[in-house]
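Coordinate-derived values only; no laboratory data. What you are looking at is a predicted structure, and each value in this text was computed from that prediction instead of being measured. With ideal geometry, Cβ positions are generated from the backbone for all residues, glycine too; neighbour counts draw on all protein chains shown.
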Amino acid sequence: MTEPHEARRVCLTNDPEVAAELFQRQGLDPHSLERLLFATADAGEACRAETVELQDAWGRSTKTALYVPPSQGNRPRGVIVGLHGVGGSGAELEPYLRPFARACGAVLLCPTARQPVAERNNFDLAGLFGSRFREARWTTDPGDFPVRALRWAREHLAICVDRCALVGTSMGGIATWGIASRRWDSLAMVASINGAPSIWEMFGPDKAMRELLPNLLNLPFTVVHGNRDQQIPAVLDKEAVTELRSLGHQGISLVEVPEGEHKLSTMQIVPGNPQFDVVVQCFRSSRRTQWPEHVRHYAREGENGRAHWVAMDDLAPGRTAAVEARAVDRARLDVRAYGCSRMRLFLSDRLVDPGRVLVTVNNVPREIDFRPSMAEAVATYAEAGADPGRMAHMVVEVEIPEIHDEEGMFC
């Protein structure tokens, strides 16, 4: 098996044990499989614009505008997922973002939102569109179309998985803040246009949102807002950017458009203007870091409990859980966590050496015998949404010892 697209298909359509046996019969080990899944040599993506059907985790489909720009030499394309505003569609947004795709050297996918599967409180839209809002909208659930669009690109296109981005406007800008603050480890950068981290901030501090903001510290972020926006006040973006800078964010930019109103057509997002050029510069200079030695992550939902090689499970309802994990050296991991009762460690020899690994969780040590497994590699590739950058060679479940003093834990 030499073609990356065929290796992806085998991983995603077969039982992990069956797929592992097939790969091993062909002489592959977890390392060579990983290299194959990362490969972009079979690119051959012709410049084109078309509509594709994208499925969410519940089997529903939506029309998605796809644009593949001309190639830029031998550099593999990245991916931009564009998220439209209320009442819009992917087809309507795509022409506005197509210049970004060309300038960034990135495939553009613009899905069309649908109503959520389950009825939920409209916290993200309260006060802006009304508590009885019934329009299609984005959610931060990883099964929704924004995250599924990233999976589709990784599965079907030969792209660089470390150059993935979200660019949202209005409701899509709100979703960009929300998704990025939960799944930042899958992205290289994000850009929000006339959005906000939370509409609740119009009525006072949104404690839940602010507790997730530190997740954005290592994610390059460009915020663009029109100063004449009467629908989503620019001050909401400005205050969040100020807070992130006070927390030490070095890669966040705020571009104010003096004559910009809420409609995207008023924002003059064209080459030569800062609201265009800064986004492009941010994308072209950004690349996701794989297997970092230090991970810190906050989560409020179990489906968003993972960051890089550590995942929190059984989160306490109604509170923010947190984990800080370090690879002290090639044989030792140190983890501190609260707000959850279990966790999983996703191990790879890119992080630690096979064999004995000492894992200390909330000052309680235990030894793990790390043995790389092809079946685990296949399973974690599929679980991570066809992302080889989050593919592990062994998964270990760990109980979290209770702690009684959380204050200053991560200082």
(request) Work out which helices of the chain, taken as complete DSSP H runs, extend at least 24 Å along their axis over the Cα atoms and score a mean Kyte-Doolittle of -0.5 or more, then list them. (result) none
(message) Looking at the chain as a GNM with Cα springs under 10 Å, which of ALA307, ALA106, ALA327 has the largest mean-square fluctuation?
(response) ALA327
(message) Can you give the local net charge around VAL79? Use residues other than it whose beta-carbon is closer than 11 angstrom to its beta-carbon, Lys and Arg +1, Asp and Glu -1.
(response) +3
(request) Identify which of MET343, MET202, MET189 has the largest mean-square fluctuation in a Gaussian network model of the chain, with springs joining Cα atoms closer than 10 Å. (result) MET202
(request) Divide by every residue of the chain the summed helix terms, -39500 (n - 2.57) for each DSSP H run of at least 4, and state the resulting mean residue ellipticity at 222 nm, rounded to the nearest 500 deg cm²/dmol. (result) -7500 deg cm²/dmol
(request) Note the per residue figure in Å³ for the convex hull of the C-alpha positions in the range 308-381. (result) 95
(request) Run through every distinct alpha carbon pair of the range 183-251 and return the Kirkwood hydrodynamic radius in angstroms, one decimal place. (result) 12.6
(message) Give me the extension gain from ASN273 to TRP58: residue separation times 0.36 nm, minus the current Cα-Cα distance, reported in nm with one decimal.
(response) 73.3 nm
(request) Could you work out the local net charge near ASN304, counting Lys and Arg as +1, Asp and Glu as -1, over the other residues with Cβ closer than 10 Å to its Cβ? (result) +1
(message) What Kirkwood Rh does the range 268-350 have if only Cα atoms enter the pairwise 1/r average? Answer in Å.
(response) 15.0
(request) Calculate the radius of gyration of the Cα atoms of the chain to one decimal place, then report Dmax, the largest Cα-Cα distance, as a whole number, both in Å. (result) 21.1, 63
(request) Write down the radius of gyration of the range 136-242 and its Dmax, each obtained from C-alpha positions, in Å. (result) 13.8, 45
(request) With a ≥ b ≥ c taken as the square roots of the eigenvalues of the C-alpha gyration tensor of the range 273-409, please select rounded if a/c is under 1.5 and otherwise prolate if a/b is larger than b/c or oblate if it is not? (result) oblate
(request) Provide the percentage of antiparallel DSSP beta bridges, counting only those with both residues in the chain; round to the nearest 5. (result) 60
